[in-house]
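Student: Starting off with a structure, shown below.
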Amino acid sequence: MQALIVSNILLWLLLIATSLVLLGLIRQIGVLHSRIAPAGALMLDKGIEVGQPAPQVTAPDRFGRPVNLGYAGERSTLLFFLSPTCPICKTLIPAIKAISRSAKDVDVVYVSDGDAAEHDKLIAEAGLEKSTYVVSPEVGMTYQIGKLPYAVLIDKAGTLKAKGLVNSREHLDSLFETEILGSSTLQDYLKTQSASPGIHTPS
(Lines give C-alpha, C1' and ligand atoms only; values in the text may rest on other atoms or scores of the structure.)
Protein backbone atom coordinates (compact mmCIF):
# COMPACT_ATOMS: atom_id res chain seq x y z
CA MET A 1 0.00 0.00 0.00
CA GLN A 2 2.79 2.37 0.92
CA ALA A 3 4.56 1.58 -2.33
CA LEU A 4 1.42 2.49 -4.28
CA ILE A 5 1.18 5.86 -2.51
CA VAL A 6 4.85 6.58 -3.20
CA SER A 7 4.48 5.66 -6.87
CA ASN A 8 1.44 7.95 -7.23
CA ILE A 9 3.34 10.81 -5.64
CA LEU A 10 6.27 10.23 -8.00
CA LEU A 11 3.91 10.17 -11.00
CA TRP A 12 2.33 13.47 -9.95
CA LEU A 13 5.77 15.03 -9.49
CA LEU A 14 6.79 13.77 -12.93
CA LEU A 15 3.60 15.21 -14.46
CA ILE A 16 4.20 18.59 -12.83
CA ALA A 17 7.82 18.64 -14.00
CA THR A 18 6.78 17.72 -17.55
CA SER A 19 4.17 20.48 -17.55
CA LEU A 20 6.75 23.05 -16.42
CA VAL A 21 9.14 21.95 -19.16
CA LEU A 22 6.36 22.19 -21.75
CA LEU A 23 5.44 25.70 -20.61
CA GLY A 24 9.09 26.68 -20.87
CA LEU A 25 9.30 25.34 -24.44
CA ILE A 26 6.12 27.17 -25.45
CA ARG A 27 7.57 30.41 -24.08
CA GLN A 28 10.82 29.91 -26.00
CA ILE A 29 8.91 29.25 -29.22
CA GLY A 30 7.06 32.53 -28.71
CA VAL A 31 10.34 34.38 -28.15
CA LEU A 32 11.88 32.87 -31.29
CA HIS A 33 8.78 33.73 -33.32
CA SER A 34 8.98 37.36 -32.24
CA ARG A 35 12.66 37.54 -33.13
CA ILE A 36 12.40 36.03 -36.60
CA ALA A 37 11.94 38.79 -39.17
CA PRO A 38 9.52 38.20 -42.06
CA ALA A 39 11.23 36.72 -45.09
CA GLY A 40 10.64 38.59 -48.29
CA ALA A 41 11.43 37.72 -51.88
CA LEU A 42 15.19 37.56 -52.39
CA MET A 43 16.25 40.16 -54.92
CA LEU A 44 19.41 39.32 -56.84
CA ASP A 45 21.76 42.07 -57.97
CA LYS A 46 21.02 41.53 -61.65
CA GLY A 47 19.04 43.39 -64.25
CA ILE A 48 17.23 46.71 -63.96
CA GLU A 49 17.18 48.24 -60.48
CA VAL A 50 13.93 48.61 -58.60
CA GLY A 51 12.50 52.10 -59.10
CA GLN A 52 13.75 52.33 -62.68
CA PRO A 53 11.62 51.98 -65.86
CA ALA A 54 10.99 48.31 -66.55
CA PRO A 55 12.48 46.82 -69.72
CA GLN A 56 9.95 46.99 -72.52
CA VAL A 57 9.48 43.87 -74.57
CA THR A 58 6.70 42.47 -76.75
CA ALA A 59 6.39 38.70 -76.84
CA PRO A 60 3.76 36.31 -78.18
CA ASP A 61 1.48 34.39 -75.85
CA ARG A 62 0.87 30.68 -76.44
CA PHE A 63 -1.65 31.56 -79.16
CA GLY A 64 0.77 33.87 -80.96
CA ARG A 65 -0.93 37.08 -79.81
CA PRO A 66 1.45 39.93 -78.90
CA VAL A 67 1.74 40.82 -75.20
CA ASN A 68 3.34 44.11 -74.21
CA LEU A 69 5.41 43.89 -71.03
CA GLY A 70 6.96 46.83 -69.18
CA TYR A 71 4.84 49.49 -70.87
CA ALA A 72 2.67 52.03 -69.06
CA GLY A 73 -0.98 51.09 -68.89
CA GLU A 74 -4.16 51.19 -66.85
CA ARG A 75 -3.11 48.31 -64.57
CA SER A 76 -0.01 47.03 -62.84
CA THR A 77 1.56 43.79 -64.07
CA LEU A 78 2.92 40.82 -62.14
CA LEU A 79 5.29 38.67 -64.19
CA PHE A 80 5.65 35.16 -62.82
CA PHE A 81 8.59 33.29 -64.34
CA LEU A 82 8.16 29.54 -64.12
CA SER A 83 9.04 26.22 -65.71
CA PRO A 84 6.98 23.04 -66.22
CA THR A 85 9.85 21.09 -64.61
CA CYS A 86 10.05 23.31 -61.50
CA PRO A 87 8.19 21.72 -58.54
CA ILE A 88 8.12 24.92 -56.47
CA CYS A 89 6.70 26.84 -59.43
CA LYS A 90 3.79 24.42 -59.58
CA THR A 91 3.06 24.75 -55.85
CA LEU A 92 2.89 28.54 -56.22
CA ILE A 93 0.42 28.55 -59.12
CA PRO A 94 -2.66 28.42 -56.81
CA ALA A 95 -1.34 31.49 -54.95
CA ILE A 96 -0.70 33.31 -58.22
CA LYS A 97 -4.23 32.46 -59.39
CA ALA A 98 -5.61 33.79 -56.09
CA ILE A 99 -3.72 37.06 -56.60
CA SER A 100 -5.07 37.28 -60.14
CA ARG A 101 -8.64 36.91 -58.85
CA SER A 102 -8.36 39.25 -55.86
CA ALA A 103 -6.12 42.03 -57.18
CA LYS A 104 -8.44 44.26 -59.20
CA ASP A 105 -5.69 46.46 -60.63
CA VAL A 106 -3.01 43.83 -61.36
CA ASP A 107 -2.66 41.72 -64.49
CA VAL A 108 -0.80 38.44 -64.02
CA VAL A 109 1.37 37.13 -66.85
CA TYR A 110 3.00 33.70 -66.70
CA VAL A 111 6.35 33.69 -68.49
CA SER A 112 8.51 30.74 -69.52
CA ASP A 113 10.31 29.14 -72.43
CA GLY A 114 11.00 25.67 -73.77
CA ASP A 115 8.91 22.91 -75.29
CA ALA A 116 5.35 23.97 -76.11
CA ALA A 117 3.94 20.51 -75.36
CA GLU A 118 5.23 20.65 -71.78
CA HIS A 119 3.59 24.03 -71.28
CA ASP A 120 0.31 22.81 -72.72
CA LYS A 121 0.36 19.94 -70.21
CA LEU A 122 1.10 22.30 -67.30
CA ILE A 123 -1.62 24.72 -68.41
CA ALA A 124 -4.17 21.91 -68.54
CA GLU A 125 -3.14 20.46 -65.17
CA ALA A 126 -3.08 23.85 -63.39
CA GLY A 127 -6.21 25.25 -65.03
CA LEU A 128 -4.44 28.18 -66.70
CA GLU A 129 -6.37 28.07 -69.97
CA LYS A 130 -7.78 31.57 -69.44
CA SER A 131 -4.52 33.06 -68.16
CA THR A 132 -2.00 35.09 -70.15
CA TYR A 133 0.85 32.65 -70.72
CA VAL A 134 3.93 33.78 -72.64
CA VAL A 135 6.47 31.27 -73.92
CA SER A 136 9.49 33.30 -74.98
CA PRO A 137 13.19 33.15 -73.96
CA GLU A 138 13.48 36.84 -74.89
CA VAL A 139 11.53 37.99 -71.84
CA GLY A 140 13.69 36.00 -69.41
CA MET A 141 16.88 37.28 -71.04
CA THR A 142 15.63 40.87 -71.05
CA TYR A 143 14.83 40.74 -67.32
CA GLN A 144 17.97 38.63 -66.64
CA ILE A 145 16.16 35.82 -64.87
CA GLY A 146 18.66 33.21 -63.71
CA LYS A 147 16.69 31.21 -61.14
CA LEU A 148 13.09 30.10 -60.73
CA PRO A 149 10.48 30.75 -59.55
CA TYR A 150 10.91 34.50 -59.97
CA ALA A 151 8.40 37.35 -59.92
CA VAL A 152 8.51 40.95 -61.09
CA LEU A 153 5.97 43.65 -60.21
CA ILE A 154 5.57 46.56 -62.65
CA ASP A 155 3.28 49.48 -61.83
CA LYS A 156 0.90 51.36 -64.12
CA ALA A 157 3.59 53.85 -65.09
CA GLY A 158 5.89 51.07 -66.32
CA THR A 159 8.20 51.32 -63.30
CA LEU A 160 9.75 48.18 -61.87
CA LYS A 161 8.45 48.25 -58.28
CA ALA A 162 9.66 44.93 -56.88
CA LYS A 163 11.28 41.67 -57.95
CA GLY A 164 12.83 38.57 -56.47
CA LEU A 165 12.96 34.81 -56.03
CA VAL A 166 9.67 33.58 -54.63
CA ASN A 167 9.44 30.24 -52.86
CA SER A 168 6.24 30.82 -50.89
CA ARG A 169 3.04 32.88 -50.72
CA GLU A 170 4.78 35.05 -48.14
CA HIS A 171 7.45 35.93 -50.70
CA LEU A 172 4.79 36.84 -53.25
CA ASP A 173 2.97 39.06 -50.77
CA SER A 174 6.24 40.82 -49.90
CA LEU A 175 6.45 42.15 -53.46
CA PHE A 176 3.28 44.13 -52.85
CA GLU A 177 4.25 45.07 -49.28
CA THR A 178 7.44 46.77 -50.46
CA GLU A 179 5.40 49.30 -52.45
CA ILE A 180 3.37 50.10 -49.34
CA LEU A 181 6.50 50.36 -47.19
CA GLY A 182 8.30 52.51 -49.75
CA SER A 183 11.31 50.20 -50.02
CA SER A 184 12.80 48.17 -52.87
CA THR A 185 12.77 44.89 -50.93
CA LEU A 186 11.55 43.69 -47.57
CA GLN A 187 15.16 42.98 -46.60
CA ASP A 188 16.14 46.59 -47.37
CA TYR A 189 13.21 47.86 -45.29
CA LEU A 190 14.28 45.79 -42.29
CA LYS A 191 17.89 46.98 -42.63
CA THR A 192 16.69 50.60 -42.74
CA GLN A 193 14.55 50.10 -39.66
CA SER A 194 17.34 48.43 -37.69
CA ALA A 195 19.75 51.24 -38.61
CA SER A 196 17.31 54.04 -37.67
CA PRO A 197 17.92 55.74 -34.29
CA GLY A 198 15.56 54.59 -31.59
CA ILE A 199 14.34 51.60 -33.61
CA HIS A 200 15.54 48.11 -32.84
CA THR A 201 14.89 45.07 -34.98
CA PRO A 202 15.66 41.84 -33.12
CA SER A 203 18.24 39.65 -34.78
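Student: Report relative contact order for region 67-145 in percent, whole number only (criteria: Cα-Cα under 8 Å, sequence separation at least 6).
Tutor: Over region 67-145, the number comes to 33 percent.
Student: Taking the convex hull of the Cα atoms, report for region 77-129 its projected area averaged over all directions, in nm².
Tutor: Directional mean of the projected Cα hull area for region 77-129 stands at 3.5 nm².
Student: So, one more: Cβ under 14 Å from F63's Cβ, F63 left aside: what net charge do those residues give with Lys, Arg +1 and Asp, Glu -1?
Tutor: My count for the surroundings of F63 gives 0.
Student: Now, a different point. Averaged per residue, what accessible surface does region 45-168 expose to a 1.4 Å probe, in Å²?
Tutor: In whole numbers, region 45-168 has 50 Å² accessible per residue.
Student: Then there's this: How much accessible surface does F81 have with a 1.4 Å probe, in Å² rounded to 10?
Tutor: 10
The values are calculated or read from the model by the stated rules, or taken from the named source; none is laboratory data. These numbers come from a predicted model, not from an experiment. So basically every Cβ, Gly included, is an ideal-geometry build from the backbone, and we count neighbours across all protein chains shown. Quick note on the areas: whole protein, heavy atoms, side chains included, nothing else; ligands and nucleic acids left out. Shrake-Rupley method; radii C 1.70, N 1.55, O 1.52, S 1.80 Å.
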